[in-house]
Amino acid sequence: MSATLQTLEAMERPPVRMTSRLEGELLEVSMGPQHPSTHGVFRMNVALEGEIVRKLKPVFGYLHRNHEQIGEHTTYLGSMPYTDRLDYFCSMSNNWAYALSVEKLAGIELPERAQYLRVILAELTRLQNHASLLGFLLSDMGAWGTPLMYAFREREKILDLFESLSGARMMCDYMRFGGCRVDASDEWLARAKQIVDRFPKFLDEFEELILGNEIVIARTQNVGTLSADLAISAGITGPMLRACGVNYDIRKVDGYGFYPRFKFRIPLGEHGDTYDRLMMRALEMRETIEILKQALAQIQPGPIVNPKVRIRAFRPPVGEAYGRIEAPKGELGFYLISDGGPNPYRYRVRPPSFINLTVLEDMCLGHSVADVMVILGSVDIVMGEVDR
Amino acid sequence: MMESLDQIKSRIEGAVPEAKIEIVQNGSPSQQQSLLLDSEHALAIGKFLRDDPALRLDFCSNVTGVDWLDRIVKKTIKIKTAVDGVEKEVDQTTEEKIPGYLEAVYHLYSIALKHGPVIIRMRTADRAEGARLPSLTPVWRSAEFQEREIFDLYGIRFDGHPDLRRILMWDEFEDYPMRKDYVQPDDFEWEPTPHDEVLARAKQHYTLRPELDGAEALRKG
Amino acid sequence: MSEIDEKLRTELQRQGVWVTSMQELYNWGRKNSIWPLQFGLACCAIEMIATAASRYDIARFGGEVFRPSPRQADLMIVAGTVTKKMAPQIVRLYNQMADPKYVIAMGACAISGGPFKQGYNVLKGIDRYIPVDVYIPGCPPRPEALLHAFMELQRKIDEQKLTGANKAEHLKTDQPSEFPVPKFGEHDLEPAANCAVFQPPVIERT
């Protein structure tokens with residue numbers, strides 16, 4: 001046998017079996033960063049067997065805009081507007097988390113009215129975040145547009161409240177170390193009360209339209225099930241953790257702000273599937289309304305800023321602090337190291353939606369590629385926070 | 001109530017003998033002291049913290065890196081020397097160079113017992129070749145992406161990490177942008193009225209990259 | 001194609017005769033059915049969704065058909081911060097769009113990097129790589145601002161000529177409709193800007 005022949009033989013390809021399906025062949029698909037239902041510039045590399053997901057690797061960084069480094073180059077107060085742009089649905093919660101960490105770092109107390117205002121605004125944020133999330137999630141399931149229109153109709157009302165208080169619809173930049181920036185007028189509080197009182201009507205309508213829907217149930221129940229043990233180990237927080245039946249809500253555990261003063265319940269899931277995660281948002285909105293009603297009834301006139309805090313030329317003592325709150329998406333924390341200067345030496349954001357994506361692959365394996373979008377939607381991510 | 005950090009330290013030392021632990025003090029009003037672990041025993045200590053029935057720190061919330069550059073600490077000591085035959089007390093300043101290192105900080109909480117935080121930190125030997133630490137991802141899965149992020153932005157290599165790749169920057173990227181001595185690429189943005197520092201940067205930029213010019217007047221002076 | 005006398009046209013219209021030119025009809029059709037690319041980058045994308053949602057309703061201007069595929073889209077709204085990691089993808093999407101195509105740079109970040117300008121991974125304006133038709137400042141711009149930009153774009157389309165020396169860019173055969181996609185380099189994107197599109201304004205000091 002000549003050498004040429006040997007090479008040819010070695011080059012011969014294995015025979016192609018003509019079967020009805022491509023057995024064992026995996027197809028690698030890159031979903032995103034431009035994809036209609038990846039909620040921003042998120043990308044997943046998916047290996048598919050037919051329609052079934054066998055491997056999934058998320059790819060991050062398409063919105064990595066160096067929030068942390070910019071935070072280290074600006075003053076403490078200068079970072080406050082940047083926190084608005086982390087999770088751009090929930091600027092008020094982000095403000096609070098950052099203000100809370102700085103207040104821990106510098107040992108600042110808050111006046112009573114500021115605490116109430118913070119609770120009211122953070123809970124309003126939670127309402128509009130959860131409402132929009134439900135709209136987006138149903139969009140992913142194929143209810144194209146309509147639930148989102150309903151959700152955005154309600155969201156606009158809450159944004160109007162934010163705008164009349166802080167001057168901006170989305171980027172409120174409202175909280176300050178030791179207080180809040182502007183006081184809410186009585187008319188504002190009355191309007192907030194009106195919107196809160198009317199919100200359950202929207203929820204009734206929305207739940208009736210959506211949550212009993214057969215397609216929604218078929219697309220979400222037993223899809224993307226997450227076990228409680230894995231959720232805890234993977235650092236999952238927020239509604240996603242509670243959907244697995246783990247009772248952990250930082251509002252109750254840490255009791256920050258004035259949350260211990262309010263009576264509210266923590267909804268818990270049972271199965272940890274997508275349906276539970278969806279229901280968790282719907283139920284949480286009901287409890288949020290309870291908190292808002294109590295807070296709006298209890299709030300008293302008074303100062304909104306701690307006068308001892310020097311907001312300009314603010315220099316906290318040397319040291320470090322980690323403060324966290326229960327943001328609508330999970331535990332939002334800020335870790336700050338101060339070297340005594342006007343800028344933080346280290347400024348770190350603990351982004352809930354980034355860490356909640358740790359288990360995305362575990363939840364999606366074995367499901368069809370259409371379910372991946374629904375599972376991803378139920379995680380509730382915002383890329384501004386994931387990539388920072 | 002959770003035990004004090006001293007108690008935790010002594011119990012770790014009982015459970016993991018040979019472990020060298022220091023308590024890092026924190027001067028801020030937050031009173032969040034932390035434990036500095038030696039990287040050799042960090043994995044065993046992590047497992048102990050997670051599984052110990054009194055601690056059960058099952059939730060690793062936040063993992064992050066910190067860059068500490070080389071520091072020069074000046075110390076002034078009084079020494080006695082003979083000046084012109086007369087013994088005098090003279091101030092002598094010694095400069096001690098503390099080499100820089102990278103640090104990984106973990107904030108641990110307990111979901112089962114609802115307490116925390118316990119903060120642990122590990123330090124690398126230096127900021128170059130020795131920037132290695134053991135990965136705690138086998139203990140807490142939540143460290144997976146966050147350790148990848150530290151690797152990406154600070155360049156700490158985590159031994160034992162299942163999938164250590166760049167996460168936020170692209171794979172071809174070579175720098176560690178969150179380090180304090182990182183130099184940004186020269187993509188100076190045109191400004192109508194540059195002054196001071198910006199003017200200096202603008203001049204440098206426009207002479208280096210004439211093809212991206214547009215500021216003829218600026219180059220002339 | 002000669003322009004119609006305005007007076008004559010009004011007079012004819014009064015008599016029930018509607019006179020138009022090919023150019024007007026063509027531009028009228030195009031400007032009232034602009035299909036944007038369904039493509040959000042950051043915060044501004046939420047305001048873009050709000051513009052398309054119930055209160056602001058971009059459908060009033062014929063722009064409600066958000067297409068997920070660049071092949072079917074006429075308009076790219078660059079809504080949000082363009083990072084260096086995302087920039088090649090955006091240029092690629094732009095290249096995939098069919099002519100005539102338009103770009104709105106929505107928000108401070110898309111224009112110049114905005115508040116994140118100092119970031120090592122932030123592109124200082126999408127106009128470094130692709131031509132932009134309308135810029136809207138704001139962080140994020142309000143939905144009304146996006147609607148305004150949309151109307152500006154419609155005006156721009158309406159004024160485009162079909163023939164003659166100053167006909168629209170997309171009708172000129174020598175004008176490129178695709179632009180080079182930057183590559184990921186070791187420290188930065190390569191090249192850092194597309195010089196054929198991007199020229200910083202000349203400083204004139206008097």
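For the reader, a short list of remarks on this structure follows.
- Some residue of region A:116-130 being outside any helix (DSSP H, G or I) and in contact with a helix residue (DSSP H, G or I) (Cβ under 9 Å, 6 or more places away or on another chain): no
- Picking from residues in region A:199-248 that are closer than 21 Å to A:SER139 by Cβ and β-branched (Val, Ile, Thr), the one that is farthest from the other protein chains (Cβ to nearest Cβ) is A:ILE217.
- Listed by first and then second residue, the pairs with beta-carbon distance under 8 Å, at least 6 apart or on different chains, first residue in region A:126-137 and of a type in the set (D, E, K, R), second outside any helix (DSSP H, G or I), are A:ARG126/A:CYS90; A:ARG126/A:PRO328.
- Test: residue in region C:148-171 that is closer than 25 Å to C:ARG92 by Cα, assigned to a loop (DSSP other than H, G, I, E, B), away from every other protein chain (no Cβ under 12 Å) and in contact (Cβ under 8 Å) with a residue 24 or more places away in the chain: yes
To keep it simple, each residue is scored yes or no on (1) in the same structural domain as B:ARG157 (by TED's automatic domain parsing); (2) of a type in the set (Asp, Glu); (3) modelled with pLDDT under 90; (4) within 21 Å of B:ASP181 (Cβ to Cβ).
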| position | (1), (2), (3), (4) |
| --- | --- |
| B:ILE79 | no, no, yes, no |
| B:GLY85 | no, no, yes, no |
| B:GLN92 | no, no, yes, no |
| B:HIS107 | yes, no, no, no |
| B:LEU113 | yes, no, yes, no |
| B:GLY116 | yes, no, yes, no |
| B:SER135 | yes, no, no, no |
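- Residues in region B:65-94 that are over 30 Å from B:ARG148 (Cβ atoms) and under 23 Å from the mean Cα position of the chain (by Cα): B:ILE72, B:VAL73, B:LYS74.
- Looking only at residues in region A:73-88 that are more than 20 Å from the chain's Cα centre (by Cα) and part of a helix (DSSP H, G or I), the one that is farthest from the other protein chains (Cβ to nearest Cβ) is A:LEU77.
- Any hit, region A:3-24, residues being closer than 25 Å to C:GLN89 by Cα, out of contact with any strand residue (DSSP E or B) (no Cβ under 6 Å at 6 or more places or on another chain) and either modelled with pLDDT of 75 or more or assigned to a loop (DSSP other than H, G, I, E, B) (or both): no
- Of residues in region C:95-122 being within 11 Å of chain A (Cβ to nearest Cβ) and aromatic (Phe, Trp, Tyr), the one nearest to C:LYS167 (Cα to Cα): C:PHE116
- Boolean, C:ARG30 is in a helix (DSSP H, G or I), surrounded by 13 or more Cβ atoms within 10 Å (Cβ to Cβ), of a type in the set (Lys, Arg) and away from chain A (no Cβ under 14 Å): yes
- Scanning region C:103-122 for residues that are touching a Pro at 6+ places or on another chain (Cβ under 9 Å) and not small (Gly, Ala, Ser) turns up C:VAL103, C:ILE104, C:MET106, C:CYS109, C:ILE111, C:PRO115, C:TYR120, C:ASN121.
- Any hit, region C:105-118, residues being modelled with pLDDT of 90 or more and surrounded by fewer than 17 Cβ atoms within 10 Å (Cβ to Cβ): no
- Every residue from region C:54-65 that is surrounded by fewer than 23 Cβ atoms within 10 Å (Cβ to Cβ) and not in a helix (DSSP H, G or I): C:SER54, C:ARG55, C:TYR56, C:ASP57, C:GLY62, C:GLU64, C:VAL65
- Selection of region A:314-341 for residues being in contact with a strand residue (DSSP E or B) (Cβ under 7 Å, 6 or more places away or on another chain) and hydrophobic (A, V, I, L, M, F, W, C) yields A:VAL318, A:ALA321, A:ILE325, A:LEU332, A:PHE334, A:LEU336, A:ILE337.
Residue-wise test of (1) crowded, with 19+ Cβ neighbours inside 10 Å; (2) free of Cβ contacts under 8 Å to residues at least 60 places away in the same chain; (3) away from every other protein chain (no Cβ under 12 Å); (4) β-branched (Val, Ile, Thr).
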| residue | (1), (2), (3), (4) |
| --- | --- |
| B:ASP152 | yes, yes, no, no |
| B:ARG157 | no, yes, yes, no |
| B:PRO162 | no, yes, no, no |
| B:ARG166 | no, yes, no, no |
| B:LYS180 | no, no, no, no |
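- Answer residue from region B:1-58, given it is of a type in the set (Lys, Arg) and not in a loop (DSSP other than H, G, I, E, B) and is farthest from B:ARG132 (Cα to Cα) among those: B:ARG11
- Identity of the residue in region B:147-156, out of contact with any Ser or Thr (no Cβ under 7 Å at 6 or more places or on another chain), in a helix (DSSP H, G or I) and not aliphatic (A, V, I, L, M), that ends up nearest to B:GLU174 (Cα to Cα): B:ASP152
- A search for C-beta distances below 6 Å between a residue of region C:86-99 that is crowded, with 17+ Cβ neighbours inside 10 Å and any residue that is in a helix (DSSP H, G or I), counting only pairs 6+ apart in sequence or on different chains, returns C:LEU93/C:PRO70; C:MET97/C:PRO70.
- If you go through region B:6-47 and keep only what is surrounded by 14 or more Cβ atoms within 10 Å (Cβ to Cβ), more than 14 Å from every other protein chain (Cβ to nearest Cβ) and either touching a Cys at 6+ places or on another chain (Cβ under 6 Å) or not hydrophobic (A, V, I, L, M, F, W, C) (or both), you end up with B:LYS9, B:ARG11, B:GLU13, B:ASP38, B:SER39, B:HIS41.
- Any hit, region A:89-112, residues being over 28 Å from A:ARG346 (Cα atoms) and of a type in the set (Gly, Ala, Ser): no
- Here A:SER37 meets each of (1) out of contact with any Leu (no Cβ under 8 Å at 6 or more places or on another chain); (2) surrounded by fewer than 22 Cβ atoms within 10 Å (Cβ to Cβ) with one exception, condition (1).
- Restricting A:ALA151, A:ALA143 to those that are part of a helix (DSSP H, G or I) and aliphatic (A, V, I, L, M) reduces the list to A:ALA151.
- Checking each residue in region A:361-374 for being under 19 Å from B:SER142 (Cα atoms) and either modelled with pLDDT of 90 or more or not in a loop (DSSP other than H, G, I, E, B) (or both) picks out A:GLU361, A:ASP362, A:MET363, A:CYS364.
- Residues that are crowded, with 24+ Cβ neighbours inside 10 Å and part of a loop (DSSP other than H, G, I, E, B) within region A:90-109 comprise just one, A:CYS90.
- Residue in region A:172-184 that is part of a helix (DSSP H, G or I) and under 21 Å from A:ILE289 (Cβ atoms) present: no
- Among the residues of region A:321-352, those identified as acidic (Asp, Glu) and at pLDDT 90 or above are A:GLU326, A:GLU331.
The values are calculated or read from the model by the stated rules, or taken from the named source; none is laboratory data. Being a predicted model, the structure only gives us computed values, none of them experimental. Cβ: placed from backbone, ideal geometry, glycine included. Neighbour counts: every protein chain shown.
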